[in-house]
Every structure is written in C-alpha cells, then in structure tokens.
C-alpha cells in the first residue's frame, strides 16, 4: 500500500454502533467538530442492521470521496485483529459477523474496529480527561462494567482482542452471579443491575425502605430514593462503591496508571457512589506510592465517546502503519 | 549521547541481587553463555551489600573496558524509572536507595533496573519459554507470588514502576492476610507460606494427617507428605491450585496473553498443584476464546532467570534508545 495520501490527512469516518442508535461522523484532520454527522435507530432486533449502517456511513461520506480510514466502535465481544464481531447481546444477527472485512470490501477503505469500552478509553486518552497521560485506566459503570486501558500510549488489546474485560475480573469467587453467568465479577457487584438486585434482595429479606419490590426497578430510581435519604438505597450504592474500590485497587496493582477515568451512567451519581469508593480504594491499595499523583476523574467526552474513540483508533492505527512503512 | 558504539554491540553486564547471592555476568552480543560469571554471598543483614555488589561487578568487567550497559534485577518494590530501591524486605540498609544512579556514577555506564519477577518474565519472553510470543504472562509462585507481563513485546512497568504486582491482586476481600498485611491477595492463597498456613490451620482444627503441627513446617514438607498420599497435604496444594486458577482467569480477562509461564519453587511440584489449577482455570474463564491456542508452560531459564532478564532489559532499553535517536 502507498501511504503518501496520509501525509495530507484526509477525512476519517467514525462509526458508533449502539444498542439504540447507529451513528457516523466525518472528521477532518484534528478538528473534533465533525463536518458531517448522521444517526439512525439501530432497531437491533429487526433484520438489516448492517444495511442501515452502510446507509448512515454513506450519508456522511465526503463529496471529494477521499476517506483515509473508517474507525468503528461496537459492543463486544469482538476481535479487533480480524474485525469480526463474535456476538453482541443486542444485535442478534451479528454472530461471528465479519463487520470490518465487509466494510473494507464495500468502501475500499481501511477499517479499524474495537469494542466501545476500549475506544471510550482511547478517546478519553487522546481527546478527553486523559489527555497528556501515558498510562490510563478507563472504566465505564453502567448496565455493565467495561474497561479500556492505555499503557505507554498504546491501547491494550490482547492476543484475541479480549483484554481489559475488567467488569469480568473476579472480586469474590463466592459473590453473586454476573450477567455473563459466572460468579463474583466486579460487574455483579457494582453495575446498575447489581445495585438493583442487591436492593431487591434486601427488600425480600424485609428491609424497610421507600422502594417497592418491583422487578422493573432501575438504578436511577434507587439513586433517587437515596437522594431522598432512603437508608437501603444509600447502602446499595455504598456497597457498589466499596467493591468498585476493591476492583480499582487491584487494577492499580496490575497497571499502575497515572489516571483513572470513570464513564457510564452509574458513575454520574457522584458522592453516593464515590465516597465509599474512595474510602475503599485507600483501604485496599497495598503500597501508598500507587496513589502518588494519581488522578481520579470523570469522563469528558459524554455521548461522543464512541465516535471520538473510533476516530482516535483510526488515527493511531494509520500513524503506526505509516511508521512501519518508513 | 552518541550511540554509534551500540552498533557494534559491546559487552552487557547483568546483575542479579538475590536474598542469598549477588551475581554478575558479562555477556557478549547474543551469546547466552557469559564470558565471565561471579557470585558472592549477599549477607543481606550485614552492612556493605552495595560494596560487595561493586566488587562482584568489577570481577566480571571485560579487559577492554567497553561495557554498553548494566542491567540489574533486584527484589522490589523499586522504581525502574529513577533506579531507586524503595525498600526490600531482605536488605535492610536499602531504604529509598539510589542503586542505579550510584552504579551509573561509579561505572560511568547506563544502568537499567527492574524487579526480579518483571525481569524473569522479560527473560522468559526473550530467551526462554515465551520466545516468539508477543503477549506473555509470567508468574513466579514461591515464598511470594510475583508477576511479569509483556504486552506487544514490551514490558509492563507502570507510572511508578509498580505494575504487574499480581501476587497482590485481591482474590477474595474476606480471605486470609497476605505477607504485605492486606487481606485476600492471591499470594495469601497460593504461595508456599500460604500452603503451610492452611495446613497448620487444619491441623489446629483437628484434621488427621502425617504432618505434625510445627511452626517451621515448609511447603516442601507438605509436598512430600502429599506425595505419600496424606489427604490434608494434598488438599492444601489443591486449594492453592484452585485459587491460582481463579487468579489466572482474571489475568486472562485482563491481559489476554498467548502464553502463561510459571516459575518459582512451588510451581515445580507438578500435578499436585496444576491439576486443580487447570480445572479451576477452565471453570472460571468467562469466554472460551481466551483459551484458544493458549500455552501454559513452565519457565525455562531456571536459576539464571534473573541474570538473563537483566540482560534482556539492558538489550531492549538500548534498542529503544537507539530507535529514538534515529
């Protein structure tokens, strides 16, 4: 391949494949305001997700037709090395689905794919809260817990592209069951559904609370009850924060980052989760040096994390191809 | 600095600072047989460890005087970026000790330092069981448990140089106390002393065994009793293997390596530890793809792991300086 064209840095198209929306945006050089942006409903349970994705990409394709690369963020598990989606919980028709090869074939443009948590971490490192840091630990705490890890300015991907699945690290082998079917993962203690499940369990055991036992109870409702002073709701978040502190302590011992960045809806509740998190983290870090200069911050990119992470991926992969070709 | 001299690849001196011996060896280019090798007793509790180290290095210094670098493996915690030993359990006089700066000043030669587990991992990757792999997880299971992690052919060091402290990852927050004073670390379940402590606890609870309750009981004695069919001794190793499987499952989810390499005395007992380890690992890995093609092997470098790891460190650091200077 000739990479002379990269020198002038053409357009990069970033794609964010979400459970609710498919989004595409066209970026020029280092401008984080896209020159085009489009989104459509994913309708994940209806056929034709791939065709809708093609349409949304075509809608942002630049007039001059020159696109250096497509970067894409998708829920995993997926293989960033081959560009295959192994299977996503939402999009049923994508089982062992060659997404990147199909897009490459259709658009005749290099395609780089990784999972949404990895790319949100990469985006925060390149454009957001982690800018200027070389070793970044990003955690999204939401319906699930996902990790994105940057080590010496490089995204941790792993042999099969399945590294940094930090929501599925075992925190207590006798702990509750995770959404994945295994026991005691961080996600089973500190995700939104884990907070709800704990609250429901306590209600069943007769705990007094303003919350009603309702299978449709949400983490947001538990947070609202906590804000009103409900003791059970408060303890549900405190417990999630405590376990999150245990998990992050182990991640410091593992990666020794200079910044920990939290994204995802559950992390936006503030002190309700983070007071107990900080206490627990300090209690469980086994050497004070890990905390020297350590920043703990909220994600800065908001809803655009997926798109900007996909943009960052395309940029760093093009750069490393360029380096290899000199 | 001018790195023209590196092109001819002069001598590298590797140093291994052990609790029992201080060793130094001089290597030429890619020859793993040292041209000189020397060792002296560390006598860690007697003054003058640093002076003995200088002597053992001088004893292997080449006649032509041309040394490109000194690589050194030491017990941690230490800071590989500054070359300071923060404090080692054995060598009392080395508290916040500027080992690399002092050696640089004395020998006027670049000095690269890292901890023994990281360097054993690096040595196995470059010269041993991990040769040809890009993503390596090395674990030494001995008096303690240490980790060394290679990601895309680079040693994981961390912001403070304290990454890959995998023996101090929390496996069960309610678990037994670790040598570091914190609860539930992998080392508190699966190291030699953890195996002994479990056996002693069971004896105290009245378990029948050929083992006698003796504070000087060793992991080796427990292994010997297990080989003779002692049920308690067998279960002590089985339990250590089970928790080791839990820990390694989490490390696969974290790093997704292509090979796991075990070093250290406890890992040499074979099936006594590894039968339950393999069962536990398969039970706790949350996606079968992590195990596809995964190698699990014993360390190949034996007693020379520290020296060869220090040699590997000096080589890779010199190479990366060379790359930066072009």
Cα radius of gyration and Dmax for region B:100-219 (Å) = 18.5, 61
ask   = Quick one: what does P(r) look like for region A:205-283 with 5 Å bins over all Cα pairs, in whole %?
value = 3, 14, 23, 22, 16, 11, 6, 3, 1
message = If you fit an axis through the alpha-carbon atoms of helix A:49-60 and take the longest principal axis of the Cα set of chain A, what angle between them do you get, 0 to 90°, nearest 10?
response = 60 degrees
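Which order do peptides B:63-76, A:253-266, B:136-149 fall in by mean Cβ count within 10 Å, highest first?
B:136-149, A:253-266, B:63-76
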message = Per DSSP helix of 4 or more residues, -39500 (n - 2.57); summed, then divided by the residues of chain B. What does that give at 222 nm, rounded to the nearest 500?
response = -11500 deg cm²/dmol
request  = Take every Cα-Cα pair in the protein assembly as shown and report what % of them are more than 32 Å apart.
outcome  = 54 percent
remark   = Note: probe point = Cα of residue B:41 + 7 Å toward Cβ; backbone nitrogen < 13 Å; residues of region B:72-108 passing the test are none
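Cα convex hull of region A:263-302: mean projected area in nm², to one decimal?
3.3 nm²
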query = Rounded to a whole number, what is D in µm²/s for region A:131-299 from Stokes-Einstein with the Kirkwood radius over alpha-carbon pairs (25 °C, 0.890 mPa s)?
reply = 150 µm²/s
remark   = Computed over region A:70-142, the convex hull of the Cα set has an average projected area, in nm², of 5.7 nm²
inquiry  = With both bridge residues required to lie in chain A, what share of the DSSP beta bridges run antiparallel, to the nearest 5%?
reply    = 55 percent
ask   = Considering the Cα trace of chain A, what is its radius of gyration and what is Dmax, both in angstroms?
value = 20.6, 69
note = Correct semi-axes for region A:35-78, from √(5λ) of the alpha-carbon gyration tensor and rounded to whole Å with the largest first, are 22, 14, 9
request  = Return the percentage of antiparallel bridges among DSSP beta bridges fully within region A:131-299, rounded to the nearest 5 %.
outcome  = 55 percent
key: In degrees, nearest ten, helix A:192-204 long axis to first principal axis of chain A (Cα)   = 20 degrees
query = Simple spin-label model, 7 Å along Cα-to-Cβ: residue B:220 to residue B:283 in nm?
reply = 3.1 nm
key: Within 10 Å of each Cβ in B:150-156, the average number of Cβ atoms from other chains   = 4
note = With Rh as the Kirkwood radius over Cα pairs, region B:14-91 has Rg/Rh of 0.98
task = Run the numbers on chain B and let me know its relative contact order in percent, using alpha-carbon pairs under 8 Å that are six or more apart.
result = 18 percent
request  = Give me D for region A:1-139 in µm² s⁻¹, whole number, from Stokes-Einstein with Rh from the Kirkwood sum over alpha-carbon pairs, 4 °C and 1.567 mPa s.
outcome  = 83 µm²/s
message = Students often check this: by mean Cβ neighbours within 10 Å, which of A:184-195, B:83-94 ranks highest, and how do the rest follow?
response = A:184-195, B:83-94
message = Tell me the angle of helix A:305-325 to the major Cα principal axis of chain A, expressed in degrees between 0 and 90 and rounded to the nearest ten.
response = 50 degrees
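No lab work stands behind these numbers, since they all come straight from the coordinates. Fair warning: this is a prediction, and the values are worked out from it, not measured in the lab. Note: ideal-geometry Cβ built from the backbone for every residue, glycine included; neighbour counts use all protein chains shown.
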